[in-house]
There are 2 protein chains.
Amino acid sequence: MLVVKVGGSEGVNLDTFAADAAEVIRSGQRVVIVHGASHATTTLAAALGHPAQFITSPSGHSSRRTDRRTLEIFQLACRGVMNQQLVEKLLRNGVNAVGISGLDARLWEGKRKDAIRAVEDGVVRIIRDDYSGTVERVNTKLITTLLDAGFTPVISPPAISTEGDPINVDADRAAAQTAAALKAETLLLLSNVMGLLRSFPDEATLISRIAKHEIDGAVQLAGGRMKNKVMAAGEAVRAGVARAVIADARAASPIRRALAGEGTVIS
Amino acid sequence: MLVVKVGGSEGVNLDTFAADAAEVIRSGQRVVIVHGASHATTTLAAALGHPAQFITSPSGHSSRRTDRRTLEIFQLACRGVMNQQLVEKLLRNGVNAVGISGLDARLWEGKRKDAIRAVEDGVVRIIRDDYSGTVERVNTKLITTLLDAGFTPVISPPAISTEGDPINVDADRAAAQTAAALKAETLLLLSNVMGLLRSFPDEATLISRIAKHEIDGAVQLAGGRMKNKVMAAGEAVRAGVARAVIADARAASPIRRALAGEGTVIS
């Protein structure tokens, strides 16, 4: 079992990704695909006159401010843009893809954050109407039902809160939870970077291996969205996934190259 | 087996619809839910600065002009608005709902129209870049797989063309094809009207029964979007569905009332 999370950022080639996924699936691998829609959400939010806002936590973690309207736009981007595009491209490559969300059959359950602390001009502000949270429980039956019948699940946020609200969750970390719940051997986190770089953006400083005991240090080292990826990889490996690979989806055969160890391998 | 198509037009109460669907499913019925997103598409198209256009065929049939950008907006509305809302409401009522589209696993296959004839100022114009078509084949395996595992499928357009393009299809007629393919006993077409009215909008003129041999006449009588509904009902009944009911989704218990024969029953 292989869980592959693919990003939608600039530079990621979804056509070569879909072609590669088809090859891997044809070889007999059970593959679950996860994606977010950060880039598409930001584009759509601007087009709809409700521009994206990002907040920084006191610990330096950046995340999307998700008021009710942003949640709606996030759902549009996840379900109406990225998921449909990926399913279409996979179908063109002969994969029997089925697009589902973390809402469907309560696939990704989590807690909606009661309050978020955001640093603004050096002052900590409390935000209470945010629709974001973290996946705490993966109800795998929908995924295994689809896989057993020969379908390939393509999963996106939102997740669902214990109160039944859709919530914005980080797709990297949701993919990690999914890999752990499915007892997958491997989690791939593919995006428009080679992996974790010691000195971003110098690709010559790629860190090719991170052992379990080095994860916390690597999280500290990482900046921006890479921090989420290293955290996600760490969560998966600590939960029993044999290895997680943070790798590049800009060139051909991104899945097979990551499986061959190109990128940052956490194990 | 029961296929229920619900519209998203003004007046339709999706909360009471979801509560009623939950009751019917709990009673042991196998239920498949289908929806479109005509209203949401029009709203979103205006918000995104690409207002909806409708065209009229030489035979007087009205349909949405679906250029590439409109197709994208239609996908946003179907997948990101209506489908997510319905799934969320069904989950709140304890239904293990799973939202899928006609694209997923090539569920709704059809032919994309090569050319559309539109009447404009009395002149017939040929449109060649339209992404619309009709469902010709329903690949039921995804639906039956979900139902057999205890999930309730909630299906929306788009469909997929034989060339692999997403296409705008009429959800009423797609629901009819789905009911026929599943050998459903009943098809319900619920919206914000009581049924077929002899003199629209006088509800005292509701036609409560249409026999098979009366369908063509009823199609002639119907105007606007009701024409599609009567055609869809007729297609389902001619394909072996025991009865189709065009009924009201504005009040409580819309499904059970339609099953009890309230509305226009075609059989």
Practice task
Mind giving me the nanometre distance, one decimal, between the label points for A:Ser199 and B:Ile127, set 7 Å out from Cα along Cα→Cβ?
Solution key: 5.8 nm
Completion exercise
Inter-copy distances for A:Phe200, nm, shortest first, label points 7 Å along Cα→Cβ, are 5.7
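Let me check against my output: what whole-number percent is the relative contact order of the range A:62-139, with C-alpha pairs under 8 Å and at least 6 apart?
Numbers: 75 pairs, mean separation 24.5, N = 78.
Reported relative contact order: 31 percent.
Could you rank the peptides B:113-124, A:162-173 by their average count of other C-beta atoms within 10 Å per residue, with the highest value first? Each step should come with its number before you reach the end.
Details: B:113-124: 11.5, A:162-173: 21.7.
By packing density, highest mean first, the sequence is A:162-173, B:113-124.
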Handout entry: Globularity ratio of the range B:138-222, using Cα Rg and 2.2 N^0.38 Å
Key = 1.37
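Counting partner chain Cβ atoms within 10 Å of every residue's Cβ in B:101-109, what's the average? Can you show the working numbers first?
Working: counts 7, 0, 8, 13, 12, 4, 1, 0, 0.
Average per residue, whole number: 5.
Please compute the average number of Cβ atoms from other chains found within 10 Å of each residue's Cβ in peptide B:141-149. List each step's numbers first, then the result.
On the way: counts 4, 6, 0, 1, 7, 8, 0, 2, 8.
Taking all residues of B:141-149 together, the mean is 4.
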Practice task
Take the alpha carbon atoms of the range B:83-139, find their center, do the same for the range A:183-239, and report the distance between the two centers in whole angstrom.
Solution key: 41 Å
Handout entry: Gain on full stretching of the segment that runs from A:Glu185 to A:Thr43 - 0.36 nm per residue minus C-alpha separation
Key = 47.6 nm
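Considering every residue in B:92-100, what mean count of other chain Cβ atoms within 10 Å of its Cβ is obtained? Mind showing how you got there, number by number?
Working: counts 4, 1, 0, 1, 6, 4, 10, 7, 5.
Mean number of neighbouring Cβ atoms from other chains: 4.
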Handout entry: the range A:75-188: relative contact order as a whole-number percent, Cα under 8 Å and 6+ apart
Key = 30 percent
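Would you mind calculating the relative contact order of chain B from Cα pairs under 8 angstrom and at least 6 residues apart, reporting the percent as a whole number?
Numbers: 603 pairs, mean separation 62.0, N = 267.
Relative contact order, chain B: 23 percent.
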Exercise for the section: Between B:Ala204, B:Ala180, B:Ala97, find the one with the highest GNM mean-square fluctuation for chain B; connect C-alpha pairs within less than 10 Å. Expected result: B:Ala204
Exercise for the section: Among the lysines, select those whose C-alpha is under 20 Å from the C-alpha of B:Lys212, and discard any that sit fewer than 8 residues away in the same chain. Expected result: B:Lys183, B:Lys227, B:Lys229
Practice task
Would you calculate, for chain B, the mean residue ellipticity at 222 nm contributed by helices, counting each DSSP H stretch of 4 or more residues as -39,500 (n - 2.57) and dividing by all residues, to the nearest 500?
Solution key: -9500 deg cm²/dmol
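Sort B:His61, A:His50, B:His213, B:His35 so the one with the fewest other Cβ atoms within 10 Å of its own Cβ comes first. It would help to have the intermediate numbers written out before the result.
Working: B:His61 12, A:His50 15, B:His213 7, B:His35 27.
Neighbour counts put them in this order, fewest first: B:His213, B:His61, A:His50, B:His35.
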Handout entry: Of A:Leu71, A:Leu142, A:Leu187, the one that fluctuates the most in a GNM where chain A has Cα springs shorter than 10 Å
Key = A:Leu142
Exercise for the section: Measure off 7 Å from each Cα along the Cα-to-Cβ vector at A:Asn139 and B:Lys111, then give the distance between these two points in nanometres to one decimal. Expected result: 4.2 nm
Problem - Kirkwood Rh and Cα Rg combined as Rg/Rh, the protein assembly as shown - result: 1.00
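No lab work stands behind these numbers, since they all come straight from the coordinates. Please read these numbers as outputs of a predicted model, since none were measured by experiment. Backbone-built Cβ (ideal geometry, glycine too); neighbour counts: all protein chains shown.
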